[in-house]
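Here the structure comes first, spelled out in structure tokens, and everything after it is commentary.
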Amino acid sequence: MIKGLEACELCGKHDKLKDVIIEGTTLSVCSKCAEFGNVVVIPKKREIESVVPRRIVIEEDVEIIKSDYPDLIRNARENMGLRQEELAQKIAEKESVIHHLESGELKPTIALARKLERFLKIELVEVYTENKNKRINFVDSSLTIGDLIKMKKR
């Protein structure tokens, strides 16, 4: 071994080494062998600590069921000339489910509301956009890829 230099993990040449990803594996290789992969850049610790947390606005769309869903369902069913039992059969649900929906005792799931929307040709689901201010700290281990994607969209 040459003093101050390490051996390349691919060719064995003694040189200053770089960390490179080659076929999914991180290897310490010489500059010539580094051409076979992607160089891994590891920022210095002080660079990471100097990153200033940024505030971003995240818009999150939430689907909600309209509050007047019982009347909307009942009116649409009656306009089509259907009884609760007939509607239930046509959308493959129990008659009791239709009864509870129309009386307001049962709030439909988004999937059931979408099924009713398609059959009755009504709108039961609203999209509510919620704005959230979020402080992004790039050193924070709870930062997710989703946070970065949302930030990139802005």
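Readers should treat all values here as calculations from the given coordinates under stated rules, not as data from a laboratory. A quick note: this is a predicted structure, and the numbers were derived from the prediction, not measured. Cβ coordinates were reconstructed from backbone atoms using ideal geometry, including for glycine residues, and neighbour counts include every protein chain displayed.
Using every Cα-Cα pair within the range 67-123, state what percent have a distance larger than 19 Å.
10
Considering only the other residues whose Cβ falls under 11 Å of the Cβ of Asp15, what net charge follows from Lys and Arg at +1 and Asp and Glu at -1?
Computed value for this residue: +3.
How far is it, in nm, from the label point at Lys16 to the one at Thr144 when both lie 7 Å from their Cα along the line to the Cβ?
Between Lys16 and Thr144, the label points sit 4.1 nm apart.
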